[in-house]
1. Of all residues in the stretch 20-72, count the ones that are assigned to a strand (DSSP E or B) and within 30 Å of the chain's Cα centre (by Cα).
2. Identify the single condition in (1) under 21 Å from residue 327 (Cα atoms); (2) over 21 Å from the mean Cα position of the chain (by Cα) that residue 408 does not satisfy, given that it satisfies every other one.
3. Taking the conditions exactly as written (crowded, with 22+ Cβ neighbours inside 10 Å, of a type in the set (A, V, I, L, M, F, W, C) and part of a loop (DSSP other than H, G, I, E, B)), does residue 203 satisfy them or not?
4. Looking at 236, 228 in this structure, which one is open to solvent by 10 Å² or more (accessible area, probe 1.4 Å), within 30 Å of residue 481 (Cβ to Cβ), of a type outside the set (Val, Ile, Thr) and within 31 Å of the chain's Cα centre (by Cα)?
5. If the Cβ limit is 9 Å and pairs must be 6+ apart or interchain, which residue in the stretch 707-721 that is free of Cβ contacts under 8 Å to residues at least 40 places away in the same chain pairs with which residue that is part of a helix (DSSP H, G or I) and loosely packed, with under 11 Cβ neighbours inside 10 Å?
6. Does the stretch 73-97 hold any residues that are modelled with pLDDT under 95 and in a loop (DSSP other than H, G, I, E, B), and which are they?
7. State which residue is surrounded by the most Cβ atoms within 10 Å (Cβ to Cβ) when the search covers only the stretch 543-566 and only residues that are at pLDDT 95 or above, more than 26 Å from residue 601 (Cα to Cα) and among the charged types (D, E, K, R).
Amino acid sequence: MDRFVHLEAQSAFSFLWGTFTPEALVAAVRSLGQRAVALTDDGLFGVVRFYRAAAATGIQPIVGARVEAHGGAGGPEIVSNLTLLATDFAAYGNLCRILSIPRAAKGYGPASARPSVTLQDVKSNAAGLICLCGGRGSAIETLLSQGRYEAARQWLALWRDVFRDDGHLFVVLQNSGPAAEAEVMAASFELAAKLGLPVAATAGVAFLGPEDYELHKILVEIQRAHHHRAIDPLPHDGFYLKSGGEMARLIPYPEALANTALIARACESFELPVGGLHPPLFRSAGEAWRRLSKMCARNLARRCRPVKLEYLRRLERELKAIRERELSDFFLLVEEVIDFARRRGIRHTVRGSAAGSLVVHLLLGGVDPVARGLLFERFINDGRKDMPDVDVDFDSERRDEVLRHVMGRFPNQSAMVCTIHCFRVRSSVRLAARALGYSLEEISRLSECLPISLRGRRLGEALDNLPELRHAPIRQETRLVEVASRLAGLPFQGSVHLGGVIVTPGDINAFTPRWTSPQDLPVGQLDKDDVDALGLLKLDLLGLRMHTALEGAAEVLRQQGVNLDLDRLPLDDRRTFHLLQSTDTLGVFQVESPGQRNLIGRLRPRHFDDLVSEISLFRPGPVEGHMVDVYVQRRNGAEPVKYLHPDLEPILGETYGVILFQEHVLMIVHAIAGLSYGQADAFRRAMTKERKKSGGMIDLKERFMAGAVARGYDAWVADEIFGQVASFAAYGFCKAHAASFAHITYQSAWLKANFPQAFYLGLLNAGHVGSYPASVILSEAWRREIPIQGPHVNHSTARYEPEGLGIRVPLVVVHGVGPATTGRIVEARAARGRFSSLDDFQERVRLPARVMAVLELAGALRGLGAGDLFGTDRCEAARA
């Protein structure tokens, strides 16, 4: 056993600096025979995966971070790198608070590579932290190299006082070989002795071996070019993961080496709370459950008269599962968020497996899971230890209102989920080529030949195996291919998840630091997998343009005196299904592309469940597995429906014997192999994960066969059923999610069939909703005999407006006439009425000659006497 412990290691989560992943660091430490290692990145983005990898291999994880400390003795210009290590979970919270200080949090943006703090920032949160001062980039190294010994002593004395009561301070001794480093190391040891401070040896690890130094330089060059940072790479290849023997030869101070193990022992009590559930708790478990039960019972009584026994039994089962997992407060919190949206008229729907819950339906609305045959156990079951996901789509234009409500309601407990962007194949080629000095023209030539579909493959593997790349010009660029291949998959930068929100029990800084996004929203340093590992509540509050369109259409109808509730439409409207069968579905949610229109034409849907199946069938898996043809033929009576065993008919009867939904797998494994729904869901997830590994699939098959045979099924029948279920892993879709989307499909089709003018106006004003631009939508409206009126200064606004039975095009579609100019025109018209002449318009609005010319060219001044006032030459210039 190598007793030395590396206390400073910066992985690739010190973006564009370190060359290795936390998992690779743990593996390298284990191969050296060392028992512990610290991860000290410029933030805590990689901590959860580091902790889990270390715990899985018996390595003690030590969690810390590198910060830039500003000011102190030696003048305000003194900047020093410090390493802070957490001795326990409470100290980890203090580290999160330091990294959340606005000065520090700015370091996560493009302006700086490292969080910036002051002495007072650290002093206020020093309890339980170990501070390492010295080494590369520190004030001690800078001042001692300049011969300013007294300034170095004063600076270090200040930091000694910070950690005198609540923490520990060690002076770093570092030496990677050069004589200058050895001299600073000796002077640092002498300085520590005079101040009575202990010393610790570190290597400042940025790469796992000397051979990775070139990759480190490439990363730093990318950082310089992409983020425009004034930063230099490390001066040589000595900052790698060394054995204890190598460290002893370079740093001949036994106490500095021994103290690394001492520091590791001081951090042994640190544990991240992975593996359990940590929902926010605002009430006692009993009180929350009683409140939830009453709310659900009241809503059920309102929606279902009389209340059917199957609903009562389903509700009882769901509430029992929720109570056992102590998730009542979780559901009440989600209901509170949705109630906010509901009271403000913000359109929303639940998506994903949550739509299969009766409790969710009663609290949040959406499809009726009992009527649609949806399975609650796909959402919550006894085999899942992670926090359930509730994904909600909101009107895109108003989604941020909901986000800000959550942040305001839970100011110290919430943050956006972080997204880690990694190098993909094409981006790694482009950025590496730029760092290596290729011209922009060369970069485009070399990267444009690479298919976008290379996302999950290594560049070298793709060049060797894909025939379309056999003659690609990049094959000749050996070094570029090597560098880009090593970059692919490494973290590139942290960003903001599209809609994921964390809500923690108590102070969020107990779990993660926060920084502020350009949209002024707090963002954590946990990605979605980290959130799941820590058992924290994650709400996916997403924006859906189709909701914007539906709400826009409903508003048009309200202005026309038609008030309707799209969520309570009868699901058997003949006009709607006639439209769907006709394939006239341009603009209809999920069924407007040519492929979707082809499929829906073959299916000829007659009821809502047909839409659920259509949405699930139009996926790569069913298409590639030829299951679409089988389903359509059986659906239309051209092929007999077959079941491998009669016991499958109650499960697969709705899909004519085809395994189409993830819920089907749970039900089959439960019915045939006798596994609980929780075990069946774990089986489904394992099957999806292991289907490419023959050994994993063999183990799953043995479990299934044993259960089926024990329940009296013939082995050959069980084998055939398992084969069908196993092939499902390539294409299964969550039925609850499909049903939720199918409801939106139906609503949009209903509007198009019954109120086409309002439908088109909703689409046009919602921005880019689906597959087609506004010109195609207008063309289709015109084809359906809806008059289209061009833009005009006396009639148009900034939006598409109803005009009689037709549609008036807005002024903003005219090239060169933006929202500001349109606003001026509309404001002038509102103040004194319509414009009577061109002179009247010019006097009241005063636009540049070029804008006037394009307005005339577009016909927006028709009837005002524009005529030949601008002349042919000016109009041609405007056209150009």
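1. Residues of the stretch 20-72 that are assigned to a strand (DSSP E or B), as a first pass: 34, 36-41, 60-70.
Applying the additional criterion that residues be within 30 Å of the chain's Cα centre (by Cα) yields 37-41, 60-68.
The total comes to 14.
2. Only one criterion is unmet by residue 408, namely (1).
3. yes
4. On the way: 236 fails: within 31 Å of the chain's Cα centre (by Cα).
Selected residue: 228, the only one of 236, 228 that is open to solvent by 10 Å² or more (accessible area, probe 1.4 Å), within 30 Å of residue 481 (Cβ to Cβ), of a type outside the set (Val, Ile, Thr) and within 31 Å of the chain's Cα centre (by Cα).
5. 708/715; 709/715
6. Within the stretch 73-97, 73, 74, 75, 76, 77, 78 qualify.
7. Here the answer is 551.
For every residue, the table says whether it meets (1) under 13 Å from residue 655 (Cα atoms); (2) touching a His at 6+ places or on another chain (Cβ under 9 Å); (3) open to solvent by 10 Å² or more (accessible area, probe 1.4 Å).
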| site | (1), (2), (3) |
| --- | --- |
| 593 | no, no, yes |
| 596 | no, no, yes |
| 606 | no, no, yes |
| 611 | yes, yes, no |
| 621 | no, no, yes |
| 631 | yes, no, no |
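The values are calculated or read from the model by the stated rules, or taken from the named source; none is laboratory data. Fair warning: this is a prediction, and the values are worked out from it, not measured in the lab. When we count neighbours, we look across all protein chains shown, and the Cβ atoms used for this are built from the backbone with ideal geometry, even at glycine. For accessibility, only protein heavy atoms count, side chains too; no ligands or nucleic acids. Shrake-Rupley method; radii C 1.70, N 1.55, O 1.52, S 1.80 Å.
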